[in-house]
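In what follows, a single structure is set out as structure tokens and then discussed.
The values are calculated or read from the model by the stated rules, or taken from the named source; none is laboratory data. Keep in mind it's a predicted model, so treat the numbers as computed, not measured. All Cβ positions, glycine included, derive from the backbone under ideal geometry; neighbour counts span all protein chains shown. Just the protein is used for accessible areas: all its heavy atoms, side chains included, with ligands, DNA and RNA removed. Shrake-Rupley method; radii C 1.70, N 1.55, O 1.52, S 1.80 Å.
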Amino acid sequence: MKNWTQKAAGICSAALAFAAVACVVGRLPAIQAQDAAFAAAGFIMPKGAAEVIKSDYLEEDEEDGSTSSDAPNSNSSAPASSSEEVQSKASSDITSSTPASSAATSSGLATTSLAGKIKEMSIVNTGTQYNNMWVKNINKNHSIDVAAELAKQPAVKIIKNSTPQVLIYHTHTTEAFLGDTRTRDPSKSVVAVGDQITAQLKAAGINTVHDTTIHDYPMYNGSYDRSKVTIQNNLKKYPGLQVTIDLHRDAMGTSDGTRIKPTAMVNGKKAAQIMIISGCDDDGTLGFPNWEYNLRLAVRIQKSLSDLYPGLARPLNFCARKYNENMTKGSLLIEIGTEVNTLEEAKYSGELLGKALVATLNQLT
């Protein structure tokens, strides 16, 4: 009984410590939160109470108010505002042989070599389940009825074999994968993943613009302000655009330095897991009145991914953020894997995501 009491006390202490760290980090500006990001990104619970508790996080606050800063290391990140439990299916621990260090790559960007463990897992079964799909709602004032959202018509009308209908761009264009985690080489970054998506859409007669403008180099802060200009320029040039996708790669870790690698097996081949982010003006302060239309599109894409490739999609992240998704009624941010997924895993996910997008948009013609 005494041993169990001690274990329970340890579990409670760890949970309280995690909550305290998350609250502190949530109050820090993005540029000051970098050192605390690992603590907020995950916390290993003692005595096997839970495998991992962590927060998904993007690499910059949507409006950071900064105008100048060097590009950060790949694992210097500002956390998002909530946490989710990571559940693993047939996860494996992989030890990296690369020493931990920061070095300049041939592209001139700082990159972080990874030491210690890379934990490979499938992030599934969190949030609200609807049939075979999951949605994680981290808003305080808005619930979500997935069936009702699927029944609503998105404000997207695709005209095939016509002017551009889809824009793919990258607020953090230099985000890359295992090896050089940041690079201006488009063949090794998220740009290469965007190429895969673009190819699938064009092959289906859905004309797509892939804008590869670099927004996060040489200055990282202010990337969303610069990508907003890119969106505006494309909307002016191609007024028929229906869908805009900001394609990123994520970064996740735990307090002991373990990096998280989300994967799924699709048709016998390993793919980086995909997460769709659909923002919400939860308290009416974001100047984001049409977020509901983005959500209608997001749940349809999530359903296509879940139907076609079970396990490929992480739960859809319905959150109180904007991320330039106020620019159109068909705007989404999509994360492909993390900095410890391989480029080939990410490119394969791009191909699969492209096919799921085709399946969704073919229903909106």
### Query
Name the pairs whose Cβ atoms lie under 6 Å apart, with the first residue in region 142-157 and farther than 11 Å from Arg296 by Cα, the second in a loop (DSSP other than H, G, I, E, B), and 6 or more positions between them or separate chains?
His142/Cys280; His142/Asp282
### Task
Scan region 184-209 residue by residue and report those that are outside any helix (DSSP H, G or I), open to solvent by less than 10 Å² (accessible area, probe 1.4 Å) and among the β-branched types (Val, Ile, Thr).
Ile206, Thr208
### Task
Could you grab me the full set of residues in region 314-365 that are under 29 Å from Gly253 (Cα atoms), open to solvent by 10 Å² or more (accessible area, probe 1.4 Å) and of a type in the set (D, E, K, R)?
Arg321, Lys322, Glu344, Glu345, Lys347, Glu351
### Query
If you take the residues in region 167-185 that are more than 19 Å from the chain's Cα centre (by Cα) and at pLDDT 95 or above, which one is farthest from Ser223 (Cα to Cα)?
Asp185
### Message
Six or more apart or on different chains, Cβ atoms under 8 Å: show the pairs whose first residue is in region 121-135 and touching a residue at least 24 places away in the same chain (Cβ under 8 Å) and closer than 17 Å to Ile277 by Cα and whose second is in a strand (DSSP E or B) and among the aromatic types (Phe, Trp, Tyr).
### Response
Val124/Trp134; Asn125/Trp134; Thr126/Trp134; Gly127/Trp134; Val135/Phe318
### Query
Quick check, is Gly240 more than 19 Å from the chain's Cα centre (by Cα), of a type in the set (Gly, Ala, Ser), closer than 22 Å to Ala359 by Cα and open to solvent by less than 70 Å² (accessible area, probe 1.4 Å)?
yes
### Summary
Going through region 311-340 in order, the residues found to be in a loop (DSSP other than H, G, I, E, B), out of contact with any Gly (no Cβ under 7 Å at 6 or more places or on another chain) and over 21 Å from Lys228 (Cα atoms) are Gly311, Leu312, Arg314, Glu339, Val340
### Task
Could you list, in sequence order, all residues of region 152-174 that are part of a loop (DSSP other than H, G, I, E, B), β-branched (Val, Ile, Thr) and within 14 Å of Lys237 (Cα to Cα)?
Thr163
### Task
Could you grab me the full set of residues in region 125-151 that are assigned to a strand (DSSP E or B) and crowded, with 16+ Cβ neighbours inside 10 Å?
Thr128, Tyr130, Met133, Trp134, Val135, Lys136, Asn137
### Task
Of the conditions (1) open to solvent by 40 Å² or more (accessible area, probe 1.4 Å); (2) more than 23 Å from Val190 (Cβ to Cβ); (3) of a type in the set (Val, Ile, Thr), Val299 clears all except one; give me its number.
(1)
## Note on the structure
Flagged in region 210-229 as in a helix (DSSP H, G or I) and open to solvent by 10 Å² or more (accessible area, probe 1.4 Å), in numbering order, are Asp225, Arg226, Lys228, Val229
### Message
With the requirement that a residue be open to solvent by less than 50 Å² (accessible area, probe 1.4 Å) and either of a type in the set (S, T, N, Q) or closer than 18 Å to Met219 by Cβ (or both), what does region 155-166 give you?
### Response
Ser162, Gln165
